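Trainee: One structure follows; several queries about it will come next.
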Amino acid sequence: IEEELFSLFSSIKVFDTGEMKSFQNISFNPNKLLNGHNIQNSREVELKESINKLELILREQNILIDFSKAKITDIEINKNFDTDFSEYYEVWLLFFSQLEDSKTTFGIRKAKKLEEKLRVESFYKDKGSHKVRAYDKTQEVNNQYLLTRKVGRLEYFFRGSTYAYYMKKLGIDNSLNELIKNIN
């Protein structure tokens, strides 16, 4: 099921031994689910509220999900900076130039001088198990009523078992309940 606010995937894996194992995966952004955008970060309260709202939306579609044993596979951790992304251009450039195979995206804008036409829109490194990205959140949102200030953002994505690996190193499991208890 692919919806604007979430996606739900269910599958059954059959092993060579004949054993069958079912997997369910739900993907959602807590703040987008609650507010229609993901400008702010989620804390325990927003995460709990978004799960309640998601359960309600799914129940209306006759889908019952028990989140009590849910595990986190992919998670985004981010930090907003209340400043124009371009003001930190040199910082982002120095940071990402230290990361092997990092890349940048550019946008073309109207300008009289050639060197002013090209504008860096983001820096990123995508290495399968994790991704790091810095970009202009103000430009992404592009709505002066939702975002009344300039915001740059740094995001870090844990994919697959990477989040579980780091949580295990901290002596914490990768369950949703544990994330809610230890959101910091």
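Trainee: Return the Rg/Rh ratio of segment 55-184 with Cα-based radii and a Kirkwood Rh.
Mentor: On the Cα set of segment 55-184, Rg over Rh gives 1.08.
Trainee: I would also like to ask the following. Can you tell me the accessible area per residue over segment 58-184, all protein chains present, probe 1.4 angstrom, in square angstrom? Kindly include the intermediate steps, with their values, before the conclusion.
Mentor: On the way: 9020 Å² over 127 residues.
Using a 1.4 Å probe on heavy atoms only, each residue of segment 58-184 averages 71 Å².
Trainee: Once every Cα of segment 36-96 carries one equal point scatterer and solvent is ignored, give the base-10 log of I(q)/I(0) from the Debye formula at q = 0.20, 0.25, 0.26, 0.28 Å⁻¹, two decimals.
Mentor: With one equal scatterer per Cα and no solvent, log10 I(q)/I(0) is -0.93, -1.21, -1.25, -1.30.
Trainee: Taking θ as phi - 60°, what are the ³J(HN,Hα) couplings along segment 9-18 by the Karplus curve (6.51, -1.76, 1.60), each to the nearest whole Hz, with x for Gly and Pro?
Mentor: Computed from phi, the couplings for segment 9-18 are 10, 9, 8, 10, 9, 9, 8, 4, 6, x Hz.
Trainee: Let me ask another. Tally up the carbon and sulfur contribution to the accessible surface of segment 54-184 as a whole percent, 1.4 Å probe, everything protein left in place. Write down the numbers at each step before the final one.
Mentor: On the way: 4780 of 9190 Å².
Summing carbon and sulfur atoms, their accessible area is 52 percent of the total for segment 54-184.
Trainee: What value, in deg cm²/dmol to 500, does the helix sum -39500 (n - 2.57) over DSSP H runs of n ≥ 4 give at 222 nm once divided by the residues of the chain? Display every interim value, and only then the final one.
Mentor: Values: 7 runs with 55 residues, N = 184.
Result for the chain, helices only: -8000 deg cm²/dmol.
Trainee: Suppose every K and R has +1 on its Cβ and every D and E has -1 on its Cβ; what is the size of the dipole of segment 139-183 about the Cα centre, in Debye to the nearest 20?
Mentor: Values: 7 positive and 4 negative charges, 28 e Å.
For segment 139-183, the charge dipole is close to 140 debye.
Trainee: Then there is this: Under 8 Å for C-alpha pairs, at least 6 residues apart: give me the relative contact order for segment 1-139, rounded to a whole percent.
Mentor: Values: 137 pairs, mean separation 16.9, N = 139.
It comes to 12 percent, rounded to a whole number.
Trainee: Placing +1 at every Lys and Arg Cβ and -1 at every Asp and Glu Cβ, with all other atoms neutral, what dipole size does the chain have around its Cα centre, in debye to the nearest 20?
Mentor: Values: 29 positive and 28 negative charges, 81 e Å.
The dipole of the chain has a size of about 400 debye.
Trainee: So, by mean Cβ neighbours within 10 angstrom, what's the order for 71-82, 129-140 with the highest one leading? Could you put the intermediate results ahead of the total?
Mentor: Details: 71-82: 13.7, 129-140: 19.0.
Those peptides, ordered most packed to least, come out 129-140, 71-82.
Trainee: Report, in debye and to the nearest 20, how large the dipole of segment 99-164 comes out about its Cα centre when Lys and Arg carry +1 and Asp and Glu carry -1 on their Cβ.
Mentor: 280 debye
The values are calculated or read from the model by the stated rules, or taken from the named source; none is laboratory data. Keep in mind it's a predicted model, so treat the numbers as computed, not measured. Please note: Cβ atoms are built from the backbone with ideal geometry, for glycine as well, and neighbour counts cover all protein chains shown. When the accessible area is computed, the model is the full protein with side chains, heavy atoms only, and any ligands, DNA or RNA have been set aside. Shrake-Rupley method; radii C 1.70, N 1.55, O 1.52, S 1.80 Å.
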